[in-house]
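Asks: Sharing a structure here in C-alpha cells format.
Rule-based calculations on the coordinates, nothing more; no lab input. Computed from a prediction, not measured in an experiment: that's the story for all the values here. Neighbour counts run over all protein chains shown; Cβ positions are idealised from the backbone, glycine included.
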Amino acid sequence: MTIHDAATSARARYWRRVRWIALGVAIVAVGIGAIFGSRLGQDPTLVDSPVIGKPAPTATLPKLEGGGAVSLADMRGQIVVVNFWASWCVACREEHSALVSAANNYRSAGVVFVGVNYQDQRGAAVGFLDELGRGDPSAYRYVTDPGTKLALEFGVFGVPETFFIDRDGTIVGKIAGPSNYQLLSAALDRILAGREPRSRTEGSVQPAPGQ
C-alpha cells in the first residue's frame, strides 16, 4: 500500500467515526428532547393527587349565602362530593348542570355535594347560581374558602376540581377539569358499592385570574 493509499484509508476511517459519533449525538439529543418535552408539556392535573387515600380536611366554612357555616367533619358517615368552582371559570359553567343533577339524584343514597367558591367575588358567585341554579339545598351546600385554605389542603391547581370523600372521611377519588353526569354517577356508584373510583382528567383546570 502506498503512502497515498494509507492516508486515504485513514481519512475514510476518520470520517466514518465522525459520522457515527454525530449520529449517536443526534439520537441522544432526540431522546432527551422527547423526555423533557413530554414532561414540560404535561398538564399538572394528569398527576394523581397525593391527597387520595388520606383523611379529608375537617374544615368549617362560611356559607356563600344566608349566614352560618358548613362543617365537613359533621358530614362523616355520608359520601361527600367537594367541587371547587368560580364564576369566572368557563368549564365550571359547562359542568354545573351535571353537578346539580347528580346532587339531586343521589341525595336519597346519602350523598351530599359541597360547592367551594374559589378565589371569587361573592356577588359574582351568587349571580352565577342565580343564572344556572342551585339544586336541592339539602343536597348541595355552597361555601366560601377564606384565604383559600381548604383549596391548599386539597392541593387544588385551579378550577374546576372535584373530590370524592367516602363515609369514613377518606378522599377516594378526584376529577380534574370539567366533570359530567356520567363521570359523577360512575364514581358515586363505585363508592356506594364499596369500591374506589379512579381519578380522571377530563381537561385542563383554569387558574385564578392573575396567577
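Asks: Rounding to the nearest 20 debye, state how big the charge dipole of segment 46-201 is about its Cα centre with +1 on each Lys and Arg Cβ and -1 on each Asp and Glu Cβ.
Replies: Taking the Cα centre of segment 46-201 as origin, the dipole is about 260 debye.
Asks: Moving to a separate point now. Can you sort Thr162, Thr60 from fewest to most other Cβ atoms within 10 Å of each residue's own Cβ?
Replies: On the way: Thr162 26, Thr60 12.
With the fewest neighbours first, Thr162, Thr60 line up as Thr60, Thr162.
Asks: How much length is gained if the chain between Thr60 and Asn105 is pulled fully straight, taking 0.36 nm per residue apart and subtracting their Cα-Cα distance, in nm to one decimal?
Replies: Full extension from Thr60 to Asn105 adds 13.7 nm.
Asks: How would you order 99-105, 136-142, 52-58 from highest to lowest mean count of nearby Cβ atoms within 10 Å?
Replies: Going from most to least packed, we get 99-105, 136-142, 52-58.
Asks: Would you calculate the separation in nanometres between label points at Ser97 and Arg190, each defined as 7 Å from the Cα along the Cα-to-beta-carbon direction?
Replies: Roughly 2.6 nm, to one decimal.
Asks: Assuming R0 = 35 Å, what is the FRET efficiency of Gln78 and Asp130, from their Cβ-Cβ distance, to the nearest 0.05?
Replies: For Gln78 and Asp130, the calculated efficiency is 0.80.
Asks: Also: Return P(r) of segment 84-210 (all Cα-Cα pairs; 10 Å bins starting at 0; whole %; ordered from short to long distances).
Replies: 13, 48, 35, 5, 0
Asks: Also, quick follow-up: Using 0.36 nm per residue of separation minus the Cα-Cα distance, give me the extension gain between Arg122 and Ser71 in nm, one decimal.
Replies: Taking Arg122 through Ser71 to full extension adds about 16.4 nm, to one decimal.
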